[in-house]
Amino acid sequence: MWRNSATVSFSSKLLSCSSSSANPNYFHYASAFSIFSPNGVVDQTLSPSHQRFYCSSAVPSPSPSSGSVIKLGFLANKSDAFRPLCLKARDAVQLARHYGRCYWELSKARLSMLVVATSGTGYVLGSGNAVDLAGLCYTCAGTMMVAASANSLNQVFEINNDAKMKRTRLRPLPSGRIAIPHAVTWASSVGFAGTALLAWKANMLAAGLAASNLVLYAFVYTPLKQIHPVNTWVGAVVGAIPPLLGWAAASGQISLNGLILPAALYFWQIPHFMALAYLCRDDYAAGGYRMFSLADASGRRIAAVAFRNCLYLIPLGFIAYDWGVASGWFCVESSVITLAISAAAFSFYRDRTTQKARRMFYASLLYLPVFLSGLLFHRLSDNPQCLAENPNSIVELPSFPEAVTESEEDDQKKKVRYVTAGPQGRAPVAYASIAPFPFLPVPSYVDQ
């Protein structure tokens, strides 16, 4: 019934408007049917120009033919049928954007990507000559998921504290944009998936390091922030594990060479977080956190701790060069950037102001990417000097320590090769020349 009444009113207005218009094709069928409600009443949400167009004349006009009525009625039904689908699609897109944004903030995505960068650097350093790109991608993906899980659990446990701080009160949980059970489900899912991916595509050592770091961050460091200022040093241990995870994923083991980058991450985090704690000390106090800065109103102890740990970074470049991890150029570059961050820390120690603390914070932000880039660019995948001296002494041996001797014309001089397990099943070697003890394996630099 409503279609007939709508059609009569529609036809009279349509023909009247067509008579007053010079263009007989002025009418737009899709727009016409959008103004009628099921009871045949004109929709009041139309703009005035559309209402004028359809209601400009009240002169009665003859009804349209039955064929046009059927055609127009079919178009109207078709438009009404597709409208709910469009609304559902729009709602689905908006819902996906909402939860995607919440997951991004729960994961602290930018911080997690920094963790992935350190883990990927450790993987490349532990890969030797050839880097397995698929393995690198799997390691980075697993690290990203585990880091996202740890950060999400951290926000679940600190929801009441975050609500009291200006810097964190707009996070998804304090602002009520996502429910706590939803956040816990998200954190548990990505944490389990990341650990399983590392165990499947890398090795159990890397998966164990990832799982232990998640537990250390979410269940030790997080509650410790409200108990004792030692939480800063525990957090530094958490930040030092990802590059070790990458090294273990590539080489399948932990060695001294693989500890250089974790040591750099550990010592770097102390001045970085000391500067942050000084700048945000009022906010931390409002949130109920027991940071080191709250017990040091003058900031002298904070500045001293920051400067001391900057000095600990100085020998790392020399150690990387001496152990054959990087070239001499990295030793120079590392010394320069370490002296720069040490100068910023010393300036803060002499004049403990917000400006100097912020300068030290920015210097720490600059230090890490430069250090990682230099270590990757100047890395040494093999021991070139030893290989040049022994070009014909390379044979495949099992991945356990053993000594191999080679007789030469002079029986007093023996060359011994010490074999250790290497990345991806390979057996990297190191050489040493021993005169009186031909069967004593001496572990000089071993390419990990």
Note, ³J(HN,Hα) from phi for region 349-356, Karplus 6.51, -1.76, 1.60, rounded to Hz, x at Gly and Pro: 5, 6, 9, 7, 10, 5, 5, 5
Spin-label zone in region 298-328 - amide nitrogen under 15 Å from a point set 7 Å from the Cα of LEU339 along the C-beta vector: 311, 313-318
Theoretical gain in end-to-end length, LYS164 to SER298 [0.36 nm per residue, Cα-Cα removed]: 45.8 nm
Per-residue HN-Hα couplings for region 340-345, Karplus 6.51 cos²θ - 1.76 cosθ + 1.60 at θ = phi - 60°, whole Hz, x for Gly and Pro? 5, 5, 5, 5, 5, 5
Sort ARG171, ARG110, ARG358, ARG90 by heavy-atom solvent-accessible area, probe 1.4 angstrom, most to least. ARG110, ARG90, ARG358, ARG171
Expressed as a percent, the portion of alpha-carbon pairs in region 130-228 spaced more than 15 Å apart is 63 percent
Counting Lys and Arg as +1 and Asp and Glu as -1, what is the net charge of the other residues whose Cβ lies under 15 Å from the Cβ of LEU173? +4
Region 265-275 - phi-based ³J(HN,Hα) in whole Hz, Karplus 6.51/-1.76/1.60, Gly and Pro as x: 5, 5, 5, 5, 5, 5, x, 4, 7, 5, 5
Largest-first principal axis extents, alpha carbons of region 255-381, Å: 49, 27, 19
Net charge within 12 Å of THR222 by Cβ-Cβ distance, Lys/Arg positive one each and Asp/Glu negative one each, not counting THR222 itself? -1
Under-5 Å amide H pairs with ALA326, H placed in peptide plane, nonlocal only: TYR321, LEU380
Surface share of carbon and sulfur [accessible, 1.4 angstrom probe, percent] for region 252-370: 63 percent
Give the average over all directions of the projected area of the C-alpha convex hull of region 198-331, one decimal, in nm². 9.2 nm²
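The values are calculated or read from the model by the stated rules, or taken from the named source; none is laboratory data. What you see is a predicted model; the values in this text were computed from it and never measured. In this analysis, Cβ positions are derived from the backbone assuming ideal geometry, glycine residues included, and neighbour counts consider all displayed protein chains. Heads up: the accessible areas ignore ligands, DNA and RNA and are worked out on the full protein's heavy atoms, side chains in. Shrake-Rupley method; radii C 1.70, N 1.55, O 1.52, S 1.80 Å.
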